[in-house]
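These notes concern the structure reproduced below.
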Amino acid sequence: MCGIVGILGNHEVAPQLVEALKRLEYRGYDSAGIATVNDAGTLDRRRAVGKLVNLSDRLVHEPLTGRAGIGHTRWATHGPATEGNAHPHRHGPVAVVHNGIIENFRDLRADLAQAGITPQTDTDTETVALLTGHHMAQGMCPVEAARATLARLHGAFALAFLFDGDGDLMIAARKGSPLAVGHGEGEMFVGSDAIALAPFTDRITYLEDGDHAIITRAGVEIYDAQGRRANRDMVRIDVGATAIDKGGYRHFMAKEIAEQPAVLGDVLNHYVKNGRIVLPESVSFADVDRVLLVGCGTAHLAGHVAKYWFEQIAGLPCDIDIASEFRYREPPLSDRSWAIFVSQSGETADTLAALHYAQGKVAKTLGVVNVGTSAIARESDIALPTLAGIEVCVASSKAFTCQLAVLAVLALKAAADRGRIDAAALAAHLDDLRAIPGLLNQALAVADDCRALAGWLSEAQDVLYLGRGALYPVALEGALKLKELSYIHAEGYASGELKHGPIALIDRNVPVVVLAPRDTLFEKTVSNMQEVMARHGKVLLISDADGITEAGEGTRATLTMPMGGGAFQPILYAVPMQYLAYYTAVAKGTDVDQPRNLAKSVTVE
Ligand code: AGP
């Protein structure tokens with residue numbers, strides 16, 4: 001979480017910093033701030049609580065000049081969202097922006113106290129500025145001072161330092177948190193990701209773990225964790241693919257939901273050609289005895305859906321795990337198993353740590369990742385892109401369905417490699433999968449009905465979501481979406497589990513959303529729905545036309561989904577989950593694209 005940026009430029013840097021921060025706001029929006037060194041060499045800063053727009057307003061009345069600067073958008077970890085706790089933090093001639101957590105900041109504070117230096121903020125980051133300023137007061141030059149500080153830091157960080165009196169020096173460092181260096185014409189940049197730097201340059205060098213960089217307008221010198229000069233490749237990014245606009249929609253989320261037929265089409269064109277699965281040659285499940293799927297939040301739920309496909313279609317035992325639990329549980333892993341890490345950002349700290357845990361213990365690690373340049377994509381043995389394009393809304397929509405599509409292809413490959421299905425069965429499954437983009441297009445038609453239901457849902461205190469089989473994790477995803485977008489308490493349950501406790505919650509004020517396509521589990525799910533209605537529960541039944549005809553009577557409302565999709569129907573049923581949450585949030589007037597307390601890229605534990 002938190003986004004950082006730094007620029008040694010040839011123009012006034014404050015507007016550029018704000019532009020870059022706009023692209024990093026998905027990392028947090030508790031406060032924002034910038035610091036610049038003006039042409040007289042004076043370091044100064046402006047900070048504001050809340051969204052970036054508050055900082056922009058402040059800069060209109062209290063401008064900052066200078067062609068060198070650093071900026072930050074905060075997701076609060078240590079200390080509330082106040083101006084005092086906002087970055088950049090400053091001590092004497094040093095200003096610092098930070099993403100991550102300095103775990104030993106209390107020890108560092110104790111050392112600083114002995115030198116008579118007292119913190120002014122609640123943050124862990126301030127100790128970095130205090131320590132560096134202290135080193136400079138003892139006679140070290142900025143580079144020596146920053147190095148001496150870096151040597152004392154434990155935890156995760158991406159840092160950028162700026163110094164009073166030197167408008168041509170910036171120091172950047174990373175450990176655990178990502179950091180990109182951008183190369184311009186007589187200008188240099190750093191940013192938490194390349195997308196932030198896309199308005200300025202397409203030439204990027206990714207720092208590796210433990211690296212620090214000494215940056216001037218003339219270029220960058222990179223040093224590795226041992227302090228040796230290091231060569232890191234420069235890559236060109238596709239700036240066109242970094243365009244961020246709402247395309248006429250009111251919110252990014254609405255745009256991203258509507259993009260699903262197109263992006264799912266792209267995914268399937270990439271992984272299925274002429275009726276054949278196209279994956280790297282090394283993806284063969286012939287000798288694999290177990291698959292492990294790990295992720296957080298929605299990415300974890302994508303793995304949960306895929307568990308049904310791996311087990312039912314491929315007959316391959318499959319475990320799923322939440323990355324934050326997996327990494328500390330120390331599960332024994334078979335060296336014939338594969339571990340698959342699912343992540344939109346590819347930077348989620350817990351998922352990355354889970355990948356590190358699995359490395360060397362399993363036969364292969366796979367990353368199913370949307371951001372191709374991310375740590376999980378780079379560090380997995382095999383990276384499979386989910387090709388959803390940039391997802392801006394903090395709540396995941398198209399990234400989820402694209403993850404499902406890639407995992408579906410993997411499950412079918414496993415089934416074929418293990419001889420669980422013959423060519424005809426594989427072709428039938430691939431036909432079902434290829435039909436998904438067209439069916440998604442039809443599924444988008446539920447938008448109007450979801451909008452009409454939003455008034456009802458927005459008045460509820462609690463909402464329950466029920467599903468069976470592979471629709472159970474989709475119910476969990478529906479509840480997660482509603483919680484994060486509308487702040488309404490929601491829970492997902494396996495339909496059959498309801499009578500083991502949660503049914504006590506049912507009364508006429510609790511909307512119950514039932515996901516029940518007319519499949520082999522339909523009758524069972526409908527029985528559970530009847531149990532709800534018998535207790536005056538108000539049901540929203542989501543099914544296909546046959547299912548609605550058969551079981552729609554007596555429900556509060558129904559949503560009709562297209563028929564088809566075979567085993568891959570969960571991908572379709574994600575759409576009403578997304579629209580119900582979206583329109584309920586709009587009805588409640590919450591911040592759809594940037595819900596409170598959240599960040600899109602969760603780079604702290
Ligand atoms: C989804 O709507 C969430 N905002 C969140 O659960 C997200 O899926 C999770 O933080 C994992 O992120 P990742 O896919 O970038 O790893």
Which numbered condition Arg420 misses (of (1) open to solvent by less than 40 Å² (accessible area, probe 1.4 Å); (2) away from the ligand (no atom under 16 Å from the Cβ); (3) outside any helix (DSSP H, G or I))
(1)
Residue count, the stretch 393-410, condition more than 16 Å from the ligand (Cβ to nearest atom) and over 17 Å from Leu572 (Cβ atoms), comes to 1
When (1) touching a residue at least 12 places away in the same chain (Cβ under 8 Å); (2) more than 13 Å from the ligand (Cβ to nearest atom); (3) not aromatic (Phe, Trp, Tyr); (4) not in a helix (DSSP H, G or I) are applied to Glu347, the one that fails is (2)
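Yes or no, residue by residue, for (1) outside any strand (DSSP E or B); (2) within 23 Å of the chain's Cα centre (by Cα); (3) crowded, with 17+ Cβ neighbours inside 10 Å:
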site	(1), (2), (3)
Leu55	yes, no, yes
His72	no, yes, yes
His78	yes, yes, no
His98	no, yes, yes
Between a first residue in the stretch 400-415 that is closer than 20 Å to Asp287 by Cβ and touching a residue at least 12 places away in the same chain (Cβ under 8 Å) and a second residue that is of a type outside the set (A, V, I, L, M) and away from the ligand (no atom under 16 Å from the Cβ), which pairs have beta carbons less than 6 Å apart while being 6 or more apart in sequence or on different chains?
Val409/Tyr271; Ala411/Trp309; Ala411/Phe310; Leu412/His429; Ala414/Phe285
Counting only residues that are in a loop (DSSP other than H, G, I, E, B) and of a type outside the set (A, V, I, L, M, F, W, C), which one in the stretch 109-118 is most open to solvent (accessible area, probe 1.4 Å)?
Thr118
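Return yes when Ala435 is touching a residue at least 40 places away in the same chain (Cβ under 8 Å) and either surrounded by fewer than 24 Cβ atoms within 10 Å (Cβ to Cβ) or in contact with a Pro (Cβ under 9 Å, 6 or more places away or on another chain) (or both) and no when it is not. Write out each step before concluding.
On the way: touching a residue at least 40 places away in the same chain (Cβ under 8 Å): yes; either surrounded by fewer than 24 Cβ atoms within 10 Å (Cβ to Cβ) or in contact with a Pro (Cβ under 9 Å, 6 or more places away or on another chain) (or both): yes.
Taking the combined requirement at face value, the residue satisfies it.
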Suppose we filter the stretch 1-28 for residues that are farther than 21 Å from Asp44 by Cα, open to solvent by 20 Å² or more (accessible area, probe 1.4 Å) and not in a helix (DSSP H, G or I); how many remain?
0
Restricted to the stretch 356-377 and to residues being in contact (Cβ under 8 Å) with a residue 60 or more places away in the chain and more than 16 Å from the chain's Cα centre (by Cα), the residue nearest to Arg27 (Cα to Cα) is Leu366
Hey, could you check the stretch 366-378 for residues that are within 14 Å of the ligand (Cβ to nearest atom) and open to solvent by 20 Å² or more (accessible area, probe 1.4 Å) and say which is modelled with the lowest pLDDT?
Thr373
Scanning the stretch 561-580 for residues that are of a type in the set (A, V, I, L, M) and open to solvent by 10 Å² or more (accessible area, probe 1.4 Å) gives Met563, Ala567
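Take residues that are in contact with a helix residue (DSSP H, G or I) (Cβ under 7 Å, 6 or more places away or on another chain) and crowded, with 20+ Cβ neighbours inside 10 Å and tell me which of the strands (runs of 3 or more DSSP E) falling wholly in the stretch 212-307 contain 2 or more.
Numbers: elements: 212-216, 219-223, 234-236, 290-295.
Qualifying strands (runs of 3 or more DSSP E): 290-295.
Only one of these is within 15 Å of the ligand (Cβ to nearest atom), open to solvent by 20 Å² or more (accessible area, probe 1.4 Å), β-branched (Val, Ile, Thr) and over 23 Å from Gly240 (Cα atoms): Ile390, Ile320. Name it.
Being within 15 Å of the ligand (Cβ to nearest atom), open to solvent by 20 Å² or more (accessible area, probe 1.4 Å), β-branched (Val, Ile, Thr) and over 23 Å from Gly240 (Cα atoms) holds for just one of Ile390, Ile320, which is Ile320.
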Output yes when any residue across the stretch 521-534 is farther than 24 Å from Gln403 by Cα and part of a loop (DSSP other than H, G, I, E, B), and no when none is.
yes
Positions within the stretch 119-141 being among the polar types (S, T, N, Q) and open to solvent by 60 Å² or more (accessible area, probe 1.4 Å), in sequence order
Gln120, Gln138
I'd like the residue in the stretch 490-537 that is farther than 22 Å from Thr560 by Cα and β-branched (Val, Ile, Thr) and, out of all such residues, is least open to solvent (accessible area, probe 1.4 Å).
Ile506
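The values are calculated or read from the model by the stated rules, or taken from the named source; none is laboratory data. Everything numeric in this text was worked out from a predicted model, so none of it was measured. Because the Cβ atoms are built from the backbone with ideal geometry, glycine has one as well, and the counts that use them run over all protein chains shown. To get the accessible areas, we keep the full protein, side chains included, count just its heavy atoms, and leave off ligands, DNA and RNA. Shrake-Rupley method; radii C 1.70, N 1.55, O 1.52, S 1.80 Å.
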